[in-house]
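Since the structure comes first, as structure tokens, the remarks are kept for the end.
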Amino acid sequence: MVNPDEEMKSFIDFILKEEENELGLSHPSVEEEEREREEADRIMMDAEVDALSPYEFCDRFDDESTAVCKKIHHHGPWLKEKDGLNMQEVIDTLLRESVTCEDVNDQFQLPLQYLYQTGKFTDITKEGDYYKSNRLISCGLIKDDKGNWDFVNKLNTNWSDLAELLTTLFIKGGKIEELSKMNTTEVKKYLEELRYNDKKDVKNSNLYKLLKKYFPSLEEFKDFTYNTRRNTQKGDAAEQLTIELLEKQGFKLLYKGGNGDFIDMKYGIDIIMELDGAIFLIQVKSKSYAAKSAVNYKRYRYIDLFAGISPDDNGIIIYDRDSLKEGRFIEKDVLKENMDYLINKFYNTGKVNLGE
């Protein structure tokens, strides 16, 4: 199976390369023509998949249940936050018995070395050539039957998937008709009533007890990861594009995590890069407005750069707490034009919206 990271890097390398100007070739070589067709085929394959299943959150339900789901989804981060419905803690508690815990310091020596060198993290120590973080001593993940990271690990923070889980709970509990008659404010009040009976123990909440009753197995929770999967794919593409464009600005890649990466989960760091001998810790969001707002998050207080895809999908915008606070735009160069060119050349399907 092709590694998605390698596939994305290969594609962006092809699009961004400056040695030849594909747009100006009057007589391209046979090899170049074949490669162009391969890239166009891959773009069209992705487009066909999206066209066959243009999924939006809550689409899995019938009309009445979809309406309820969207009312729940309307409350966004409130669904997971501790001061809201606190579903992050509820889901964590429900899935805890399926988590594999281990000391993963050995697996992250390289990024720990870079974090230690910044001098920002007092919890990272060095003994000889060995780096150790207390945050990585007891790390838990849910793994699939092949021992790999499973998308259900992100269920606790994706409010689209949480909204679908709650809607399914109310379908099973026969409450959809009742909820369908409520507006979004009334739905929120209804959800608040399910939160806690005893604020000291989440297991005493009605919400925990209901989810435990109607979703008794881990496999049933795994059915609510579709939105997480889509968001992860967008996030991976945003990270790879950020790396490519920063490298064109002179940065050097030192470390990039992936799914199940504890440097991201415990420290909020997606990418580590270097410029002129200085180490930069980078957090990447799929949208620039999310990157800008993340500057003020406490958990990201040691991040140097925040990157997000620009509103027109034709570059990234970089934010930091000092000189780039207002945002610095780095364009994709000929990326968008090349994608349009490839599809128009072989399929004549018109312009492509990279944001879709």
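The values are calculated or read from the model by the stated rules, or taken from the named source; none is laboratory data. Owing to the predicted nature of the structure, the values given are computational and were not obtained by experimental measurement. Glycine also receives a Cβ, built like all others from the backbone with ideal geometry; neighbour counts cover every protein chain displayed.
Quick notes on this structure:
- Just one of the listed residues (90, 68) is under 25 Å from residue 300 (Cα atoms), in the same structural domain as residue 214 (by TED's automatic domain parsing) and at pLDDT 90 or above, namely 90.
- Sole residue being closer than 24 Å to residue 120 by Cβ and touching a residue at least 12 places away in the same chain (Cβ under 8 Å), chosen from 276, 236, 261: 276
- Scan of region 108-162 for residues that are touching a Lys or Arg at 6+ places or on another chain (Cβ under 7 Å), under 28 Å from residue 90 (Cβ atoms) and either surrounded by 17 or more Cβ atoms within 10 Å (Cβ to Cβ) or not hydrophobic (A, V, I, L, M, F, W, C) (or both), ordered by number: 123, 135, 136, 150, 151, 152, 156, 157, 159, 162
- Residues within region 113-143 that are touching a Phe, Trp or Tyr at 6+ places or on another chain (Cβ under 9 Å) and either in a loop (DSSP other than H, G, I, E, B) or among the aliphatic types (A, V, I, L, M) (or both), tallied: 7
- Neighbours by Cβ (under 9 Å, 6+ apart or cross-chain): first from region 80-102, closer than 14 Å to residue 201 by Cα and free of Cβ contacts under 8 Å to residues at least 60 places away in the same chain; second in a helix (DSSP H, G or I) and not hydroxyl-bearing (Ser, Thr, Tyr): 82/88; 82/89
Here's the yes/no breakdown for (1) assigned to a helix (DSSP H, G or I); (2) under 29 Å from the mean Cα position of the chain (by Cα); (3) without any contact (Cβ under 8 Å) to a residue 24 or more places away in the chain:
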site: 157; (1), (2), (3): no, yes, no
site: 160; (1), (2), (3): yes, yes, no
site: 163; (1), (2), (3): yes, yes, no
site: 169; (1), (2), (3): yes, yes, no
site: 177; (1), (2), (3): yes, no, no
site: 187; (1), (2), (3): yes, yes, no
site: 190; (1), (2), (3): yes, no, yes
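- Exactly one residue out of 204, 158, 153, 183 is under 30 Å from residue 108 (Cα atoms), out of contact with any Leu (no Cβ under 9 Å at 6 or more places or on another chain) and not charged (D, E, K, R): that is 158.
- Exclusive hit being in the same structural domain as residue 80 (by TED's automatic domain parsing) and outside any loop (DSSP other than H, G, I, E, B), set 239, 220: 220
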